[in-house]
Amino acid sequence: MKFPNSLSLFWCLGLLAILSTGALQAQQDPGPRGGAPGGGGPIPTLNSSEQALFSRALDHFMELNSVDGSISAEESIGLGPTFNGNGCAMCHAEPAIGGSSPGTISRLAPVPNPQIALATLHGATNIIPAFITRDGPVREARFVRNPDGSPDGGVHGLFTIAGRSDAPGCTLAQPNFALQLAYNNVIFRIPTPLFGLGLVEATPDDTLRANLADDRAAKSALGIRGSFNTNGNDGTITRFGWKAQNKSLLIFAGEAYNVESGVTNENFPNERSAVPGCVFNGLEDPSPTDGTTSDLVNFAIFMRLAAPPTPALPPGVTAQSARNGASLFHRVGCALCHTPTLTTGMSSFTGMSNFAYSPFSDFALHHMGDLRDGVTQGAAGPDQFRTAPLWGLGQRLYFLHDGRTYDLLQAIEAHADCGGARRGHDHDGDYHRLQSSCNSEANGVINNFNALTKPQIQDMLNFLRSL
């Protein structure tokens, strides 16, 4: 049994009935799709035992955390002392469990940002930071610099357990986000979707390196370079997170569990913000008494066995428009970084070996100019990000690493700096200014995109919203 990759689906769409209900206005983001969620289930090729393993892992992924497990329906132990969410599924919720941030603009399950209610849940005394809004995305906050000016880059928990009924005596204050905002010292990240990540983990380094080396002349002509973040111990490619800072799904899960919910685990055993009066738990037991594996291992299994997103045409978009957009996606150069197809190596799970899948990413780092966040993680510098996988984009609510926009066209244009001018080139011939400040590797591609006609741009938007 095989499940279709994104590109093959679009060629098949020509056999389907035309879904158009009228011409879309030129250059308008169709918005997130409604209909059935394009993700959330197990990879279809898994055998019955593996599907049962996925289901058990999903149950763990959906658990809610409290401080000591004494609150009904929040029996998982270890929340805090600082946290951004009280469960994995709180943040990874759209279009289904394992996706990205939920929101009020969803056509599937519109909900306000759950961090608003979480701030004062069970008597907590937190103040909601200005960058957390009812209609905005779930976010985490990082400080760029320490008070002495040295690099920071770490996550600073939005909330503390102070005042909660299950944290008596804790008085830990929140960070002074208003002050740090005034110093332009806060950057944001939104949750990355988790669907299909087992295929990414199973892709050999040699495959990724060969892919980055492909089309070298075309990439060079557009100013695209790219490099990989790597593990400092064994030199292998790291590929998970906004800056590809995490090596494996187990490490990815462990970091998130500790940073986002404050839960210590076998990968991250030390409590964060462990001030007196606010530490109620030690290391989470990696061998639960019910005979199952730990939460951390289950989180990794859930991500490893979750199926990639399923593409579909949005309402009002024709198959022909999506096919045109797919062709233009290649023509302007988007596919040079957003690689449509990669192939896994060997896997111990049924049907996942030597499998071609469609992430629309090269998982490499690229300089993105004005999108810089000032944070360094491993080999990823202040203006470098991993190419964001585009599979599932059709049902994504917020874009870019910080969720600054819900409009796909705005997100595309934000890839360029200096008005989209290439490094070393300017309409006014100002070479030196551009050489020092126009660093986005996407500039050449965005120039090509902006040269398209309005109907062509609409076709590209329709194609992207079909992923």
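What follows draws every value from the coordinates through simple rules; no lab data is involved. Small disclaimer: the values here were computed from a predicted structure and weren't measured. All Cβ positions, glycine included, derive from the backbone under ideal geometry; neighbour counts span all protein chains shown.
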Checklist outcome for this item: Rounded to the nearest 0.05, FRET efficiency between residue 217 and residue 117 (Cβ-Cβ, R0 45 Å) equals 0.25
Checklist outcome for this item: The Cα radius of gyration of segment 228-376, divided by 2.2 N^0.38 Å with N its residue count, comes to 1.36
Checklist entry - Of 170, 450, 31, which is farthest on the positive side of the dipole of the chain, counting Cα position, with +1 on Lys and Arg Cβ, -1 on Asp and Glu Cβ, and the Cα centre as origin? => result 450
Item to check | Environment charge of residue 325, counting only residues whose C-beta is closer than 10 Å and scoring Lys/Arg +1, Asp/Glu -1 | outcome: +1
Checklist entry - By the gyration tensor of its Cα atoms, with a ≥ b ≥ c the square roots of the eigenvalues, what is the shape of segment 80-184: rounded for a/c under 1.5, prolate for a/b over b/c, or oblate? => result oblate
Checklist entry - Quick one: helix 249-260 against the long Cα principal axis of the chain, what's the angle to the nearest 10°, folded into 0 to 90? => result 60
Checklist outcome for this item: Scalar couplings 3J(HN,Hα) for segment 377-394 by Karplus 6.51 cos²θ - 1.76 cosθ + 1.60 (θ = phi - 60°), nearest whole Hz, x for Gly and Pro, are 9, x, 7, 7, x, x, 10, 9, 9, 5, 4, 5, x, 9, 4, x, 4, x
Checklist entry - Considering the dipole of the chain built from charges on the beta carbon (Lys and Arg +1, Asp and Glu -1) around the Cα centre, which of 408, 220, 185 is farthest to its positive end? => result 220
Item to check | Mean ellipticity per residue at 222 nm, deg cm²/dmol - from DSSP H runs of n ≥ 4 across the chain, formula -39500 (n - 2.57) | outcome: -7500 deg cm²/dmol
Item to check | Semi-axis lengths, Å, segment 107-158, gyration tensor of Cα atoms, sqrt of 5 times eigenvalues | outcome: 27, 15, 8
Checklist outcome for this item: Karplus ³J(HN,Hα) for segment 457-464 (6.51 cos²θ - 1.76 cosθ + 1.60, θ = phi - 60°; Hz, whole; x = Gly/Pro) runs 4, 5, 4, 5, 4, 5, 4, 4
Checklist entry - Taking only the alpha-carbon positions of the chain and ignoring solvent, what does the Debye formula give for the base-10 log of I(q)/I(0) at q = 0.07, 0.08, 0.10 Å⁻¹? => result -0.36, -0.47, -0.75
Item to check | Reach of residue 247 by Cα under 14 Å, taken over aspartates and glutamates that are not fewer than 8 positions away in the same chain | outcome: 201, 205, 234, 255
Checklist entry - Relative to the first principal axis of the alpha-carbon coordinates of the chain, what is the inclination of helix 48-61, with its axis defined by its Cα atoms, in degrees from 0 to 90 and to the nearest 10? => result 60
